[in-house]
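Heads up: the structure comes next, in structure tokens.
The values are calculated or read from the model by the stated rules, or taken from the named source; none is laboratory data. Keep in mind that what you see is a predicted model, and the values were worked out from it rather than measured. Cβ: placed from backbone, ideal geometry, glycine included. Neighbour counts: every protein chain shown. These accessible areas exclude ligands, DNA and RNA; they are computed on the full protein's heavy atoms, side chains included. Shrake-Rupley method; radii C 1.70, N 1.55, O 1.52, S 1.80 Å.
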Amino acid sequence: MPVSSSGEQKPVLLLDLGGVVLGIDFHRVFQHWASASGVEASLFYEHWTLDQAYKDQEIGQLNFAQYTAHLSDTLGVSMPLKQWRDGWNALWTHPYEGVAAKFTEIKQHFTLCAFSNTNAVHAESFKQRYPHIMSQFDQLFLSHEVGCRKPDAEAFRHICDLMHTEPQRVTFLDDSQENVAGARVARLTAHHTRSEAEVLSVLNRL
């Protein structure tokens with residue numbers, strides 16, 4: 001892990017990606033899928049859930065083809081894999097450039113890392129779309145690669161082990177109150193941020 005000019009290991013700033021660094025909107029996913037499949041968008045709004053298959057994809061137990069086969073079966077919707085993928089990657093709105101603009105200053109005092117619940121398809125997408133932001137992180141801990149996901153307190157402890165740092169030396173920001181609660185159980189300092197403005201407010205106080 002990076003060290004300060006005094007030779008001491010820096011504390012860690014650990015950020016969620018979607019909703020803290022990158023704007024996301026699942027409405028865009030559902031609208032794309034509805035248009036591509038010729039069904040009403042209400043089908044996805046009413047019946048798509050964060051079920052076990054979704055969680056299994058986020059810890060690398062299911063690949064995207066397996067996950068969309070599950071969606072096809074449970075929702076009764078059929079479309080080519082490319083359309084599932086294109087809709088899935090319609091999630092992104094815009095990066096929080098104001099947050100990213102703080103990274104150079106932040107990295108003078110903190111090791112900058114991310115811990116995000118995600119999957120291989122989304123990870124490939126945001127790395128390609130936002131390389132100027134992703135390249136500034138010292139480390140990315142993505143749930144499908146590390147095999148655990150928020151909000152489990154044990155997942156946060158595992159990430160701290162991977163960073164070779166004590167939980168008390170980690171400040172975590174997430175747009176999910178449930179994830180913040182899990183981080184606090186693991187003894188991280190955690191902040192619930194629901195907008196770019198709230199993220200910037202926390203960063204300006206660090």
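Tabulated data for the structure shown
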read-out	value
Probe 1.4 Å - accessible area at Ser72, Å² to nearest ten	40
Local net charge near Glu198, Cβ-Cβ under 15 Å (Lys/Arg +1, Asp/Glu -1)	-1
Carbon + sulfur, % of accessible area of the range 1-76 - ligands and nucleic acids excluded, 1.4 Å	47
From phi via Karplus (6.51, -1.76, 1.60), per-residue ³J(HN,Hα) for the range 66-81 in Hz, x at Gly/Pro	5, 5, 5, 4, 4, 4, 4, 5, 7, 9, x, 10, 10, 7, x, 4
Separation of alpha-carbon centers, the range 139-174 and the range 13-86, rounded to whole Å	24
Summed residue charge, Cβ within 10 Å of Lys150's Cβ, Lys/Arg positive, Asp/Glu negative	-4
His94/Ala69 FRET efficiency (R0 25 Å; Cβ-Cβ; nearest 0.05)	0.20
The chain - share of DSSP beta bridges that are antiparallel (%, nearest 5)	15
Mean accessible surface per residue for the range 60-206, computed with a 1.4 Å probe while every protein chain stays in place, in Å²	47
Gained length - Glu124 relative to Ala197, 0.36 nm times residue gap less alpha-carbon distance	23.6 nm
Modelled label reach - His109, point 7 Å along Cα→Cβ, the range 168-206 residues with backbone N closer than 12 Å	202-206
Glu46-Ala101 pseudo-label distance in nm [points 7 Å out on the Cα-to-Cβ vector]	4.4
Accessible area in the full protein assembly, largest first, 1.4 Å probe, for Lys107, Lys102, Lys82	Lys82, Lys107, Lys102
Accessible area, probe 1.4 Å, largest first, for residues Arg194, Arg157, Arg184	Arg194, Arg184, Arg157
Among (1) 17.8, 61; (2) 17.0, 51; (3) 18.8, 59, the entry that matches Rg and Dmax of the Cα atoms in Å as calculated here	(1)
